[in-house]
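J.: One structure is given below, represented as structure tokens, and several questions about it will come after.
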Amino acid sequence: MNRVLLGMLTPSSNTRLEPLLSAMVASVPNVTVHFSRFPVTEIALDTNVLAQFDDSKILDAAMLLAHAKVDVIAWNGTSGGWLGFDADERLCRRITEATGIPATTSTLALNEALRLTGAKRMALVTPYLDDVQARVIGTYRNAGFDCIAERHLKLRDNFSFSEVTGALLDSMVAEVAAARPQAISTFCTNLNAAHLVPEWERRHGIPVYDTVSTALWQSLRIAGVQPSVVKGWGRLFDEVH
């Protein structure tokens, strides 16, 4: 089997997605994950903060991944939730035009998982500010998804997201699960959440789609690898094809 090289674009202040992704593929033969960073330190709707997601900066990082001849490039981030899904779609087109490599994002991958499973009633768990959370909920509403429950932590500093405890995430997931959505998303790629998904799914009986996981799931699919090769990380990999 040839090597499968998965490229991930990473917020510069993120410390969670790299170890999580490396752990996910650790036992998968010939699949490795490779990273390129660009500056992201805060999440807010201020003009200067939104400028962090200017396509040109992300494209520079994508070009570095192209040097490694990766099979796919994923923006492992959730900015499409507040910038709009069209922003992610445009970014993917520009990455592919510049590198010749297919591209995806955590948010577009989540949307595909929701589409494939027919989940229209969802719940969101995030660390974000009130207005960012409202923007994400509105983006999903406009796309035909009903966010029937949500919890957020009103945090702004991206590094602080990585320090949210598992116990706090447990309680947030339990609170939204009580509304019985068809799917829950832990929607932020700097939350230390992906490894907790199997236990949440067992406890609540609801699929949980973490956005670090969705980027990997879709990247594997684009690269021609069955996501089910990833074992022990939840129903997304086991059941959604």
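The values are calculated or read from the model by the stated rules, or taken from the named source; none is laboratory data. Remember, predicted model here, so these are calculated numbers, not experimental data. No Cβ is skipped: glycine too gets one built from the backbone with ideal geometry, and neighbour counts run over all protein chains shown.
J.: Check 98, 61, 26 and return the single one that is touching a helix residue (DSSP H, G or I) at 6+ places or on another chain (Cβ under 9 Å) and aliphatic (A, V, I, L, M).
T.: 98
J.: Return the only residue of 22, 27 being surrounded by fewer than 18 Cβ atoms within 10 Å (Cβ to Cβ) and part of a loop (DSSP other than H, G, I, E, B).
T.: 27
J.: Return the residue satisfying two criteria in turn: it lies in segment 207-241 and is touching a residue at least 60 places away in the same chain (Cβ under 8 Å) and touching a Lys or Arg at 6+ places or on another chain (Cβ under 9 Å), and of such residues it is surrounded by the most Cβ atoms within 10 Å (Cβ to Cβ).
T.: My answer is 212.
J.: Applying the selection to segment 44-56, what residues are within 19 Å of the chain's Cα centre (by Cα) and either closer than 23 Å to residue 7 by Cα or free of Cβ contacts under 8 Å to residues at least 60 places away in the same chain (or both)?
T.: Scanning segment 44-56 gives 50, 52, 53, 54, 55.
J.: On to the next question. Cβ-Cβ under 9 Å, sequence separation 6+ or interchain: first residue in segment 156-175 and closer than 15 Å to residue 211 by Cβ, partner part of a helix (DSSP H, G or I). Which pairs?
T.: Correct list of pairs: 164/172; 169/196; 169/200; 173/196; 173/200; 173/203; 173/204.
J.: Related question: Could you tell me which numbered condition residue 6 fails, if it satisfies all but one of (1) part of a loop (DSSP other than H, G, I, E, B); (2) within 23 Å of residue 234 (Cβ to Cβ)?
T.: Residue 6 satisfies every listed condition except (1).
J.: Between residues in segment 1-14 that are closer than 13 Å to residue 35 by Cβ and residues that are among the small types (Gly, Ala, Ser) and part of a strand (DSSP E or B), which pairs lie under 6 Å by C-beta distance while being six or more apart or on different chains?
T.: That search, which allows pairs on different chains as well, returns 8/74; 9/36.
J.: Turning to a different aspect of this structure: Residues that are touching a strand residue (DSSP E or B) at 6+ places or on another chain (Cβ under 7 Å) and outside the structural domain of residue 186 (by TED's automatic domain parsing): which strands (runs of 3 or more DSSP E) entirely in segment 37-149 hold 1 or more of them?
T.: 72-75, 103-105
J.: Condition (residue is in contact with a Leu (Cβ under 8 Å, 6 or more places away or on another chain), aromatic (Phe, Trp, Tyr) and not assigned by TED's automatic domain parsing to the domain that holds residue 72) applied to segment 212-234: is it met by at least one residue?
T.: no
J.: Taking segment 69-107 as the region of interest, how many residues are in contact with a Phe, Trp or Tyr (Cβ under 9 Å, 6 or more places away or on another chain) and within 14 Å of residue 213 (Cβ to Cβ)?
T.: Residues in segment 69-107 being in contact with a Phe, Trp or Tyr (Cβ under 9 Å, 6 or more places away or on another chain) and within 14 Å of residue 213 (Cβ to Cβ): 7 in total.
J.: Continuing with this model, one more query. Restricting to segment 95-113, count the residues that are surrounded by fewer than 24 Cβ atoms within 10 Å (Cβ to Cβ) and either of a type in the set (A, V, I, L, M) or touching an Asp or Glu at 6+ places or on another chain (Cβ under 6 Å) (or both).
T.: Count: 4.
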